[in-house]
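The values are calculated or read from the model by the stated rules, or taken from the named source; none is laboratory data. The model shown is predicted, which means the values in this text are computed figures rather than measured ones. FYI the Cβ positions are ideal-geometry reconstructions off the backbone, even for glycines, and counts take in every protein chain you see. To get the accessible areas, we keep the full protein, side chains included, count just its heavy atoms, and leave off ligands, DNA and RNA. Shrake-Rupley method; radii C 1.70, N 1.55, O 1.52, S 1.80 Å.
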Amino acid sequence: MNLKTPIGRLRVLAILEGVSFLLFAITMPLKYWLQIPEPNLYVGMTHGWLFILYVLFCIQNIFIHGWGIKASVLSLGASLVPFGTFYADAKIFKPQQKITA
């Protein structure tokens, strides 16, 4: 992944955002079953920032690469579903990076 290109940065951010989303599977039981709320606070804050950056980077790439409605909706909607950003990376971002490389 080339971090010098917008699509490369989006790919890295998609993976980070997806991992932060999945970390809730660990921190939510800690919070509600074991009454340990601190990890959820840190993961929640990190995930919030990564989510905002992911959406902004998606919008940037939508305009740069002229993605259609389907790719745009899939890339933005992927952040709302567990494993969605990994799917978007494999099906949208990685092929787009090969085209622009």
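Once segment 40-58 is narrowed to residues that are touching a residue at least 12 places away in the same chain (Cβ under 8 Å) and among the aliphatic types (A, V, I, L, M), the residue that is most open to solvent (accessible area, probe 1.4 Å) is Leu53. Residue count for segment 64-78, restricted to those that are under 14 Å from Pro95 (Cβ atoms), in contact (Cβ under 8 Å) with a residue 24 or more places away in the chain and open to solvent by 80 Å² or more (accessible area, probe 1.4 Å): 0. For segment 33-46, the count of residues that are modelled with pLDDT of 95 or more, under 20 Å from Ile99 (Cα atoms), in a helix (DSSP H, G or I) and aliphatic (A, V, I, L, M) is zero.
The residue list Ser72, Ser79 contains one member that is modelled with pLDDT under 95 and among the hydroxyl-bearing types (Ser, Thr, Tyr), which is Ser79. The C-beta contact set for segment 1-22 (first residue among the small types (Gly, Ala, Ser), second residue open to solvent by 60 Å² or more (accessible area, probe 1.4 Å), distance under 7 angstrom, 6+ apart or interchain) comprises Gly8/Met1; Gly8/Asn2; Gly18/Phe83; Gly18/Phe86; Ser20/Thr46. Inspection of segment 15-24 identifies no residue that is modelled with pLDDT under 95, among the hydrophobic types (A, V, I, L, M, F, W, C), in contact with a Ser or Thr (Cβ under 7 Å, 6 or more places away or on another chain) and open to solvent by less than 80 Å² (accessible area, probe 1.4 Å).
Per-residue answers, yes or no, for (1) within 10 Å of the chain's Cα centre (by Cα); (2) under 21 Å from Phe21 (Cα atoms); (3) in a helix (DSSP H, G or I):
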| residue | (1), (2), (3) |
| --- | --- |
| Asn61 | no, no, yes |
| Leu74 | no, yes, yes |
| Thr85 | yes, yes, yes |
| Ala88 | yes, yes, yes |
| Gln96 | no, no, yes |
